[in-house]
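Working notes, structure below.
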Amino acid sequence: MGCISGFDSVCVLHIKTVQQQTHSSTCTCISTLTNISAVFNDYSSFSNVTTFADAYRNFNQIPTLNVLEKVWGAYYYWMNNDIIATGLFFFVMHEVMYFGRCLPWYIIDQIPYFRKYKIQDTKLPSNAEQWECMKSVLMSHFMVEVLPIWFFHPISAKIGMTFDVPFPAWTKVLTQLAIFFVLEDAWHYWLHRGLHYGVFYKYIHKQHHRYAAPFGFTAEYAHPVEVALLGMGTVGLPLIWCYFTHDLHLFTISLWICLRLFQAVDAHSGYEFPWSLHHFVPFWAGADHHDEHHHHFIGSYASSFRWWDFVLGTEAGPKGKEARETASKVAAEKKVQ
Ligand SMILES: [Zn+2]
Ligand SMILES: [Zn+2]
């Protein structure tokens, strides 16, 4: 077995030995690197690396890798420190994906044409509200999330997560993404429902409900304890999955976090379009589902799917009430027959 664990110190040592041997015989190895990344299992044919372009040129010579894998490999190799590479990558990815996804919703809020699609059309957020919310979220990212992001690589290393190239097969990646969506949705439903009880609501969850008509930036506007508890569903559950299966790649979890960020921001967008996903995938929650939660302060607790709220009769608002009445009417009629 090569260095596919990516975190095996013996394996890293092996790479270094190969490097040293190559150095003494050809003098073409990576003399500028001191801490060889475990992203790849054979650097013996690599030439000098001082820039990212150098690193990419080396990975570009491996015909079995696709472009994404070459960029990924070159990045880790060039960074020359796997912990810093993952920490920086996760932090930048979070900021770019979150604020990048919020921006189109902010622009849509400024265009009167889209008003007809706004769910709570009389409650348009002001620029001051958007700015204040954005600042608070940004502050939380720097103050609260930097530390867990930093420790992510060492923890995942301990439980056997891989980050080397090539990536796993797409079928495996897609299957794991689907599993994480289902698991996170269940976690979110019960935790969120619990956060609506008495003191939990008063001291923790109330902050997230400051805006009865949500907008993109409000997705992560929450008390740090809530960020940690609900964040466990996004990051903690895949880590538990990895602990038991020893079968998870950092690329898969990066994709999962991007998709989860998109889902959260879209659910808070405040817009319902004829082309919204839940019209085609009826169990998908979307903004239609979560806006009702913010509007009525109760019910519709799940994040991605509607099944928990449907089965347990906790759908919010008049639509939920109507669905419950219809269901009990059908049940009563069946009993009579
Ligand atoms: Zn809530
Ligand atoms: Zn919300």
Exercise. Given H placed on each backbone N at 1.01 Å, which residues far from Phe305 in sequence or on other chains put an amide H within less than 5 Å of it?
Worked result: Ala285
Exercise. When only Cα pairs under 8 Å and 6 or more residues apart are kept, what is the percent relative contact order across the chain?
Worked result: 17 percent
Seminar exercise, completed: Packing-ranked peptide list from 330-336, 193-199, highest mean Cβ count within 10 angstrom first, is 193-199, 330-336
Problem set entry | GNM result for the chain, Cα springs below 10 Å: residue of Tyr189, Tyr76, Tyr117 fluctuating most strongly | Tyr117
Problem set entry | Cα-based shape type of the stretch 195-302, given that a ≥ b ≥ c are square roots of the gyration tensor eigenvalues and the cut on a/c is 1.5 | oblate
Seminar exercise, completed: One checks the Cα atoms of the chain and finds Rg and Dmax, in Å, of 23.8, 89
For this session: Any of Lys123/Lys206; Lys202/Lys321; Lys206/Lys334; Lys172/Lys206; Lys206/Lys321 with alpha carbons more than 31 Å apart? Name them for me.
Result: Lys206/Lys334; Lys172/Lys206
Exercise. Hey, what number do you get for the chain at 222 nm if only DSSP H runs of n ≥ 4 count, each worth -39500 (n - 2.57), divided across all residues, to the nearest 500?
Worked result: -19000 deg cm²/dmol
Exercise. Roughly how many nanometres apart are two label points built 7 Å out from the Cα toward the Cβ at Tyr203 and Ser47?
Worked result: 6.3 nm
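Read the figures in this text as sums done on the coordinates, not as results from a lab. Model, not experiment: these values are computed from the prediction. Note: ideal-geometry Cβ built from the backbone for every residue, glycine included; neighbour counts use all protein chains shown.
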